[in-house]
Amino acid sequence: MLKLKRYFTDIKKASMLYALCSMLLLLAACSKTDPVLPGTRHPIFHAGGINLLDRAVPDSALADIRETGIYDNTYRQDSNNVVWRDTERVFSGLPTSARVAGERRPMVAGDHIIAGLSTGEVVKVNRNTKEPEWVADVFRTSAMTGGSSILDIVAPVVIENDRFIYAGGLGNAFCKLDFNTGARIWCADIGVGKPFIVRAGVSYVVGTNGFLYAIDTRLGDAFWRAEIRRQAEPKISGNVIAVGREKFDARTGDKLK
């Protein structure tokens, strides 16, 4: 009986050791690459809030940028994070049950497709080889621990000069990424559910918290923020930003009549 008891004790210890080793191996793997998607993985962003400068946007920041990403309607993205070219499957991401309704538009830049997923990820895929080159998480750490149940990226990404990518999602992060590597340049603590505007030195973003932000595209600070009555895609004409029926001075954020 004593030998039998010792035998079962040894089995239990071995099982616990195996489970611990398996967990450590899994954590080590996840720290370098995505367990589902191949390609370089960039970890969860630690957005550190928003530094509100409370000052006017410089006139030079309002100049147009060269957007090198286009929407090509031969590519489409379904609600399960699958990108198609007509009837050909180009990329398959991990489907989620928590997502919002709406059309998703993968953007094409040269030989690449950039897509935002309902998992809160942005992925860059080579459209010739169909291989992901990198995956970037665009959500705050707290969104994974109860801060937000939906991480969906529904606003189309903006690609500037094949150098930078601007992306924002419902996981409370609006980020500027390196086009080649997917590495974070900065992230601002803003949930994004509507398309946004990018200019030479400023991005106009409607936050899910009920504010319109003018974000400095160099550093991620906010020149100003203005309260809005309802969320809508911002439109710019000259130096005026319209959000629904409300209009604001694009330089100062002052509400216009």
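Numbers below:
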{"quantity": "Longest to shortest principal axis, alpha-carbon extents of region 200-252, angstrom", "calculated": "29, 26, 16"}
{"quantity": "Cα centroid separation - region 150-186 against region 62-98, whole Å", "calculated": "14 Å"}
{"quantity": "Surrounding net charge for GLU227, when Lys and Arg each add one and Asp and Glu each subtract one, Cβ distance under 10 Å", "calculated": "+2"}
{"quantity": "Simple Cβ-charge dipole of region 50-191, Lys/Arg +1 and Asp/Glu -1, about Cα centre, in debye nearest 20", "calculated": "240 debye"}
{"quantity": "Stokes-Einstein diffusion coefficient of region 125-252, Kirkwood radius over Cα pairs, 4 °C, 1.567 mPa s, in µm²/s", "calculated": "86 µm²/s"}
{"quantity": "Residues whose placed amide H lies under 5 Å from that of ASN209, excluding near-sequence neighbours", "calculated": "GLY191"}
{"quantity": "Cβ-based net charge around LYS257, under 15 Å, with every Lys or Arg adding one and every Asp or Glu removing one", "calculated": "+1"}
{"quantity": "Unit charges at the beta carbon, dipole of region 83-227: most positive-side option, ALA222, GLY201, GLY102", "calculated": "GLY102"}
{"quantity": "Residue among ILE165, VAL243, ASN180 farthest towards the positive dipole end of region 115-257, charges placed on Cβ", "calculated": "VAL243"}
{"quantity": "Counted charge near ASP111, where neighbours are those whose Cβ lies closer than 12 Å (Asp, Glu -1; Lys, Arg +1)", "calculated": "0"}
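Bear in mind that the values in this text are calculations on the coordinates, not laboratory data. Source: prediction; values computed, not measured. Using ideal geometry, Cβ is built from the backbone for each residue, glycine included, and neighbour counts are taken over all protein chains shown.
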